[in-house]
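Below is one structure, written out as structure tokens; the observations come after it.
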Amino acid sequence: MRTLVITVKEIIGYCPVYKLGDRIVLDEGYRVNLSKTSAICMYSLASILPYCAALSKGIRPEDLGLAKPGSDGKSAFVQCLDPFKYTKGGTVFFEIRAVNIEK
């Protein structure tokens, strides 16, 4: 089974929850590992959740439209729903990587 490591790669504007490098770790693609998770915003989950099952089962990010064609096939990219330009809040960009774990 694969664990998903979701890392904050960029923030445009101000986010009251995340800072660069913060991580969300989902064991088996769906269990939040609270001891390894830096911060979590419920609104950002709306962008992340649709892809958790597919990525944790090994579907390539390119095939989901979450990476450029010809990429390494390991990283997917999504962003939170805050439209910074109009709200003066913060848009957060996430990298999602599936990693194998040994049992």
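The values are calculated or read from the model by the stated rules, or taken from the named source; none is laboratory data. This one's a predicted model, so the numbers in the text were calculated from it and none came from an experiment. Don't worry about glycine lacking a Cβ; one is built from the backbone with ideal geometry, like all the others, and counts go over all protein chains shown. Side chains included, ligands, DNA and RNA excluded: accessible areas come from the protein's heavy atoms. Shrake-Rupley method; radii C 1.70, N 1.55, O 1.52, S 1.80 Å.
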Next item on the list: Give Glu95, Glu10 a once-over and let me know the one that is modelled with pLDDT of 90 or more, in contact with a Lys or Arg (Cβ under 6 Å, 6 or more places away or on another chain) and not small (Gly, Ala, Ser).
Entry: Glu95
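Let's see how each residue does on (1) of a type outside the set (A, V, I, L, M); (2) more than 16 Å from Asn100 (Cβ to Cβ):
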| residue | (1), (2) |
| --- | --- |
| Val8 | no, yes |
| Asp22 | yes, yes |
| Ser47 | yes, yes |
| Lys68 | yes, yes |
| Asp72 | yes, no |
| Pro83 | yes, yes |
Check: Among the residues of the range 7-32, which ones are under 16 Å from Leu49 (Cβ atoms) and open to solvent by less than 50 Å² (accessible area, probe 1.4 Å)?
Finding: Ile24, Val25, Leu26, Asp27, Glu28, Gly29
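Scanning the range 33-45 for residues that are of a type in the set (Ser, Thr, Tyr) and under 17 Å from Val99 (Cβ atoms), which turns out surrounded by the fewest Cβ atoms within 10 Å (Cβ to Cβ)?
Ser35
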Checklist line | Residue tally, condition surrounded by 17 or more Cβ atoms within 10 Å (Cβ to Cβ) and either part of a loop (DSSP other than H, G, I, E, B) or aliphatic (A, V, I, L, M) (or both), over the range 75-88 | finding: 4
Next item on the list: Restricting attention to the range 48-74, report how many residues are surrounded by 17 or more Cβ atoms within 10 Å (Cβ to Cβ) and not in a loop (DSSP other than H, G, I, E, B).
Entry: 7
